[in-house]
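The values are calculated or read from the model by the stated rules, or taken from the named source; none is laboratory data. Remember, it's a predicted structure, so these values are computed and weren't measured experimentally. For the accessible areas, the whole protein counts, side chains as well, though only heavy atoms, and no ligand, DNA or RNA atoms are used. Shrake-Rupley method; radii C 1.70, N 1.55, O 1.52, S 1.80 Å.
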Amino acid sequence: MALSEYLLRLGDDRLILGHRLSEWCGHGPILEEDIALANISLDLIGQANLLLELAGKVEGQGRTADTLAYFREGVEFRNAQIVELPRGDFAFTIARQFLVSVFEALQLEKLQSSKNADLAGIAAKAFKETRYHVRHSAGWMLKLGDGTTESHDRTQIAIDDLWRFTGELFGNTDETLVEQGIAVDCVSLREPWKREVARVLQAATLTMPDDGFMQRGGREGRHTEHLGHLLAEMQIVARSFPGAEW
Amino acid sequence: MDDKRLATSDQRPVTGGDTEWPLWEVFIQPKPGAPHEHCGSVHAVDAEHALLNARDVYARRSEGIHLWVVPSQWITASTPEDVGPFFDPANDKAYRHPQFYKTPRGVKVY
């Protein structure tokens, strides 16, 4: 796997999740939370911008972050499927954010010492932001899980529904890139991730699902039907008016 | 003294039957050594939540380096009726201002 492919994985995870979160803009449960979700969305899109720009540079075909974001088809996206699922209710959005943010924080912490200096720099910036995302979403997991019967039930359903999409986050990373000290082996993040998730779920009076069948395919461009709809909305302006600036 | 205030020993303010979350006042310190200044208020269910909301609403454009959040109900404010007795009598007491005093010769004025 080329480095550019690895960077696409990192960038696409953030681009698609950032777009999903942006759908809450103007629909948050309260003003403060509306702003919080938009902030996290902007953090993620900002990280995606840096990662995709770097992916284009490494690839050397003249593609920019914008070209990669707006002019690729669904099968060319390398995000894990968990980030493309529809935003669902607030419990689903928070549960997904929590599961993904804990993963990303562990990943970025290690990527800060990547042998690729550009990637290490992006990771250092993104790690700070992501630590906040974990704090924000973990706080909500406690409030929702240990809140009312309805908030508890909705959050448990969200965790149960999401669980089969978590396995893909810990799929294999290219051995050469790992040996070169450029990439982080995602398999090694699984245990620390489970420990942290288990700790919060327990405090939130939620049950951690058993590992069963795990959905995969996003890293190879096989996505759920939801990604196409997301891309249609995200890409329409850039494709209708190529090169437009605003 | 309001009994509700005394009864609340943890950091969770009383909502008074309102379905809205309690209100918190937010103070931000712009830079090290500077005083914390009031910058607004947020709704939140507890202190940690108030701190996060304050960060998201008031501290996302490098406005500061430190935050305080205080339940609004724990702030005791003067009333409009206090304006006279509190603030007016100072007008004729010029000697309370440093400008009242002449600088002695030989003292360097910066």
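How much accessible area per residue does region B:14-110 have, in Å², with a 1.4 Å probe?
Details: 6990 Å² over 97 residues.
In whole numbers, region B:14-110 has 72 Å² accessible per residue.
Taking θ as phi - 60° and the Karplus parameters 6.51, -1.76 and 1.60, the scalar couplings of region A:149-154 work out to 4, 5, 5, 4, 5, 5 Hz in sequence order, x denoting glycine and proline.
GNM remark for chain A: springs join alpha carbons under 10 Å apart, and the peak mean-square fluctuation among A:His223, A:His152, A:His27 falls on A:His27. Once the Cα atoms are used to define both axes, helix A:90-111 deviates from the longest principal axis of chain A by about 50 degrees.
Residues of region B:52-77 buried by at least 20 Å² of accessible area upon assembly of all protein chains, compared with the chain on its own (1.4 Å probe): B:Leu52, B:Asn53, B:Arg55, B:Asp56, B:Val57, B:Arg60. Per residue, region A:1-114 exposes 33 Å² of solvent-accessible protein surface, assessed with a 1.4 angstrom probe and all protein chains in place.
Along region A:222-235 the Karplus relation, 6.51 cos²θ - 1.76 cosθ + 1.60 evaluated at θ = phi - 60°, assigns HN-Hα couplings of 8, 10, 6, 5, 6, 5, x, 5, 4, 5, 4, 6, 5, 9 Hz to successive residues, with x for each Gly and Pro. Any residues in region A:112-136 that have 50 Å² or more less accessible area with all protein chains than in their chain alone, probe 1.4 Å, and which are they? When all protein chains are present, A:Tyr132, A:Arg135 each give up 50 Å² or more of accessible surface.
Remark on region A:29-75: accessible area falls by at least 30 square angstrom from chain-alone to full-complex state for A:Ile30, A:Glu32, A:Ile35, A:Asn39, probe 1.4 angstrom. For the pair region A:1-24 and region A:167-246, the centres of their Cα atoms are 8 angstrom apart.
For A:Lys110, a cut-off of 18 angstrom between C-alpha atoms picks up these lysines, skipping any fewer than 8 places away in its own chain: A:Lys125, A:Lys128, A:Lys194. Note on B:Lys93: lysines with a C-alpha under 30 Å away, same-chain residues under 8 apart excluded, are B:Lys102, B:Lys108.
Look at the alpha carbon pairs under 8 Å that are at least 6 residues apart: their mean separation over the length of region B:27-110 gives a relative contact order of 25 percent.
How high is the relative contact order of chain A, given as a whole-number percent (alpha carbon pairs under 8 Å, six or more residues apart)? Write down the numbers at each step before the final one.
Numbers: 350 pairs, mean separation 56.5, N = 246.
It rounds to 23 percent for chain A.
Springs between alpha-carbon atoms under 10 Å, Gaussian network over chain A: tell me which of A:Glu76, A:Glu233, A:Glu168 tops the mean-square fluctuations. In the Gaussian network model the winner is A:Glu233.
Of all the accessible heavy-atom surface of chain A, with the other protein chains kept in place and a 1.4 Å probe, what percent is carbon and sulfur?
53
For the chain pair A and B, the interface hides roughly 1200 square angstrom of accessible area in total, found with a 1.4 Å probe.
Note on chain A: helix-only mean residue ellipticity at 222 nm, from DSSP H runs of 4+ residues weighted -39500 (n - 2.57) and normalised by residue number, equals -21000 deg cm²/dmol. For the residues A:Arg20, A:Arg135, A:Arg96, a GNM of chain A with alpha-carbon springs under 10 Å puts the largest fluctuation on A:Arg135.
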